[in-house]
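*Asks:* Just dropping this structure here.
Only the coordinates and a few stated rules stand behind these numbers; no lab work does. Owing to the predicted nature of the structure, the values given are computational and were not obtained by experimental measurement. Here the Cβ positions follow ideal geometry from the backbone for every residue, glycine too, while neighbour counts run over all protein chains shown.
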Amino acid sequence: MTPQMYDRLWHAFLDTLTMVGVSAIVALLAGIPLAVFLVLSAPGGLIHAPRANRVLGAVINGFRATPFIVLLVALLPFTRLVTGTTIGVWAAIVPLSISATPFFARIAEVSLREVEHGLIEAAQAIGCRRWHIIRHVLLPEALPGLIGGFTITVVSMIGASAMAGAVGAGGLGDMAIRYGYQRFDTTVMLAVIVVLIATVCIVQFIGDTAVRRLRAR
Amino acid sequence: MSAALFDAADDVTRVVGVTSRSAEESAPSSAGRPAAVAAGSIRFQKVEKTYLSSAGPVRALTDITIDVPAGSVFGIIGRSGAGKSSLLRTVNRLERPTGGQVLVDGEDISAFNEDQLVALRRRVGMIFQHFNLLSAKTVFGNVALPLVVAGVPAQEVRTRVAEVLKLVGLEGKENTYPSRLSGGQKQRVGIARALVSRPEILLCDEATSALDPETTLSILSLLKDINRRLGLTIVLITHEMSVIREICDHVLVLEAGRIAETGRVWEVFGNPRHEATRALLKPLDRGLPDDLTERLTSLWNGEPATALVEFTYTGAGGLQPDLARLLAVLGDGTRIIQSNLDRIQSHVSGRLIVASPARADLQHLIANPELAHAARIIGYDAADV
Ligand SMILES: Nc1ncnc2c1ncn2[C@@H]1O[C@H](COP(=O)(O)OP(=O)(O)O)[C@@H](O)[C@H]1O
Ligand SMILES: [Mg+2]
């Protein structure tokens, strides 16, 4: 591999990191409130909003049922509206975030729902308001599950970001396809795959370690 | 004079460790409480509760009207599903009655808005069978939470948490996570968390049911101590009759959502009137040994034989098993076969079974109100029992 290739690989890695990193933060910030709302507005929950609950659930299911590559194309007008462009890293971040948010929201919802009802009652019994219950009971008690779910989300986003090449966003996946598949340069393709595997392993390791630490107390 | 005698006897049992009940504990618990305490009374007025479940409405409580005096220890018993938890949980409105009213310190809490409800819940502590501690917070974090959410300044939170951890005997455990504590210690954290807001009422839903007998006793004596020292009203649910006997002043028996009976513990336990109460008390009653019941005949043929006589005491009127009187009536050869007597709140109740030579006038002799509240001949045995 030429030094030029190493340079390309490095840039592709940075592009992937930017796309996945920014979208992951969006998914985290948007997914958690959505999940909290889904759990609290479920029947018998602390918020009485059955209709909003159903509508939100349906919207989330709709996004999750749509393949990412379709979403990528279908969202082009919206992407242009937000970023002013339909190509490049930032153009990929919009569909990536929109696809990852419902995905993570559902996983987070499961973790939050598993928080024992007795803990919520105990919190009510000591004079906690709804916000206190979210802040002191739901989120901290579900934290290991939330981190585990976030790790899964990030890993699957790394996979999805390979398709971002369709909007010329670059990144590792795009590089693998272009050099390996279109130019039959197996060495480059293998190098890219090694970097992808290493990235996924590191993400998974960080997530697992955090979960293990939390569960150990 | 006889009361002093019994107190001395209790002291002895405490010293030899037969039972943990001290003479003090069996005295009426109003003694030694600060006189100024008035807050902490609860009144249930025609309380009804119907749950709406997918299988249709479930009626859990019907027409519950009863007073819980401030500063008392009030026990609720009843079969599983009788409505005990439903009733208890109306006091801090974890459950909202579908009819009637619950008055705490004279105020109808059903009309409370959210702010009033939060304020109420800071005056009413609650502990649970499975402790319900937050696993992500340390002991300190758990106990501090009621104060933190109430906006108490950090410095005061620290002193009050330290204070209440000392009260429950958990000094030095501040930084431990609940998963590292034993069941008894977890419940102590639960108690500390309930007490840190200085409530007037403490609700306990099967608080000792998940604990071993020894830990149960230590938690009970802690509750009793808290009741006495802080003048706190305690309402507790239990399926262990010994818990009621140990620390309650009053007891309420629920059956299928209605009041079966209620009264001072010695009254209800000494003379249970409702079938549900009798069924609940059954485990405390040892009954006659099988070898005896098999041999007894109900009729006496006039031959020399032994009669088994059962004396029942309800605790009423201070009437106690007076051995001299019993001997004077029954005469020589009288022996105690079995004693199922219990002293609750200074009242002796239960059954005493004696063997005595059979004679024709025995039935007449034992029917003497100075001997016992009730007496009957269980049967006769031709051989010697
Ligand atoms: N949330 C609920 N929804 C429907 N039915 C309930 C609910 N809680 C309790 N019940 C029913 O109400 C009755 C009384 O329950 P509970 O108060 O828990 O009894 P206990 O504490 O004496 O065992 C039971 O028949 C129970 O099935
Ligand atoms: Mg119950």
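*Asks:* Lys/Arg Cβ at +1, Asp/Glu Cβ at -1, dipole of region A:66-217 taken about the Cα centre: which of A:CYS128, A:LEU172, A:VAL211 is farthest positive-ward?
*Replies:* Of the listed residues, the answer is A:CYS128.
*Asks:* So how do A:MET1, A:MET175 line up by other beta-carbon neighbours within 10 Å, fewest first?
*Replies:* Working: A:MET1 12, A:MET175 26.
Listed from fewest to most nearby Cβ atoms, that is A:MET1, A:MET175.
*Asks:* For chain B, what is the calculated [θ] at 222 nm in deg cm²/dmol (nearest 500), taking -39500 (n - 2.57) for each run of four or more DSSP H residues and dividing by its residue count?
*Replies:* The per-residue figure over chain B is -9500 deg cm²/dmol.
*Asks:* Still on this structure: For n ≥ 4 DSSP H runs only, could you compute -39500 (n - 2.57) per run for chain A, divide by its residues and tell me the 222 nm figure to the nearest 500?
*Replies:* Values: 9 runs with 159 residues, N = 217.
It lands at -24500 deg cm²/dmol.
*Asks:* Rounded to the nearest 10 degrees, what's the angle between the helix B:213-230 long axis and the longest principal axis of chain B, both from Cα atoms, 0 to 90?
*Replies:* Tilt of helix B:213-230: around 70 degrees.
*Asks:* Computed FRET efficiency, Cβ-Cβ of B:ARG273 and B:SER53, R0 51 Å: what is it to the nearest 0.05?
*Replies:* After rounding to 0.05, the efficiency reads 0.95.
*Asks:* For chain B, what does the relative contact order come out to in percent, with C-alpha contacts under 8 Å and a separation of six or more?
*Replies:* Rounded, it is 17 percent for chain B.
*Asks:* Can you work out the Karplus-derived ³J(HN,Hα) for every residue in region A:73-82? Use 6.51 cos²θ - 1.76 cosθ + 1.60 with θ = phi - 60°, whole Hz, and x for glycine or proline.
*Replies:* Here the 3J(HN,Hα) series is 6, 4, 8, 3, x, 5, 4, 4, 4, 7 Hz.
*Asks:* Kindly write out, for region B:122-132 in residue order, the coupling ³J(HN,Hα) from the Karplus curve 6.51 cos²θ - 1.76 cosθ + 1.60 (θ = phi - 60°), rounded to whole Hz, with x marking Gly and Pro.
*Replies:* Whole-Hz 3J(HN,Hα) from phi for region B:122-132: 7, 9, 10, x, 9, 10, 10, 4, 9, 6, 6.
*Asks:* Could you grab the relative contact order for region B:256-385? Cα pairs under 8 Å, six or more apart, rounded to a whole percent.
*Replies:* Relative CO of region B:256-385 lands at 35 percent.
*Asks:* What residues qualify as long-range amide H neighbours of B:ILE76, i.e. H under 5 Å apart, gap of 5 or more or another chain, H built at 1.01 Å from N?
*Replies:* Here B:LEU236, B:ILE237, B:THR238, B:LEU252 satisfy the definition.
*Asks:* Could you sort B:123-130, B:322-329 so that the peptide with the highest average Cβ count within 10 Å comes first and the rest follow in order? Each step should come with its number before you reach the end.
*Replies:* Numbers: B:123-130: 23.2, B:322-329: 13.6.
My ranking of the peptides, most packed first, is B:123-130, B:322-329.
*Asks:* For region B:24-282, what proportion of DSSP beta bridges, expressed in % and rounded to the nearest 5, is antiparallel?
*Replies:* 55
*Asks:* R0 = 60 Å: FRET efficiency of B:SER242 with A:PHE78, Cβ-based, nearest 0.05?
*Replies:* That pair, B:SER242 with A:PHE78, gives E of 0.30.
*Asks:* How large is ³J(HN,Hα), in whole Hz, for each residue of region B:146-160 in order, when computed from phi with the Karplus curve 6.51 cos²θ - 1.76 cosθ + 1.60 and θ = phi - 60°, using x for Gly and Pro?
*Replies:* x, 7, 4, 6, 8, x, 6, x, 3, 4, 5, 4, 4, 5, 6
*Asks:* What average number of partner chain Cβ atoms lie no more than 10 Å from the Cβ of the residues making up B:128-135?
*Replies:* Per residue, the average neighbour count from other chains is 5.
*Asks:* Label region A:166-217 by shape, choosing from rounded, prolate and oblate, from the square roots a ≥ b ≥ c of the eigenvalues of the Cα gyration tensor; if a/c is under 1.5 it is rounded, and otherwise prolate applies when a/b is larger than b/c, oblate when it is not.
*Replies:* Cα axes put region A:166-217 in the prolate bin.
*Asks:* Among B:ARG229, B:ARG193, which comes first, second and so on when ranked by fewest other beta-carbon atoms within 10 Å?
*Replies:* B:ARG229, B:ARG193
*Asks:* Taking Cα atoms, how many degrees apart are the long axis of helix A:186-215 and the longest axis of chain A, rounded to 10 and kept between 0 and 90?
*Replies:* Once rounded, the angle reads 20 degrees.
*Asks:* Further question on the same structure: Would you list A:CYS128, B:CYS204, A:CYS201 from fewest to most Cβ contacts within 10 Å?
*Replies:* In order of increasing Cβ crowding within 10 Å: A:CYS201, A:CYS128, B:CYS204.
*Asks:* Using 0.36 nm times the number of residues separating B:ASP225 and B:HIS373, minus their current alpha carbon distance, what extension gain do you get?
*Replies:* Between B:ASP225 and B:HIS373, full extension yields an extra 49.9 nm.
*Asks:* So if I place +1 on the C-beta of Lys and Arg and -1 on the C-beta of Asp and Glu, and nothing else carries charge, what would the dipole magnitude of the protein assembly as shown be about its Cα centre? I want it in debye, nearest 20.
*Replies:* 2320
*Asks:* Something else about it: P(r) tail for region B:290-381, what percent of Cα pairs lie past 17 Å?
*Replies:* 47
*Asks:* May I pose another question? If the protein assembly as shown were replaced by its equivalent ellipsoid, with semi-axes equal to the square roots of 5 times the Cα gyration tensor eigenvalues, what would those be, largest first, whole Å?
*Replies:* Whole-Å semi-axes of the equivalent ellipsoid: 70, 25, 23.
*Asks:* Return the whole-Å distance between the Cα centroid of region A:149-193 and the Cα centroid of region B:297-370.
*Replies:* Centre-to-centre distance over Cα atoms comes out at 94 Å.
*Asks:* Could you work out the mean count of beta carbons from other protein chains within 10 Å of each residue's beta carbon in A:114-124?
*Replies:* 5
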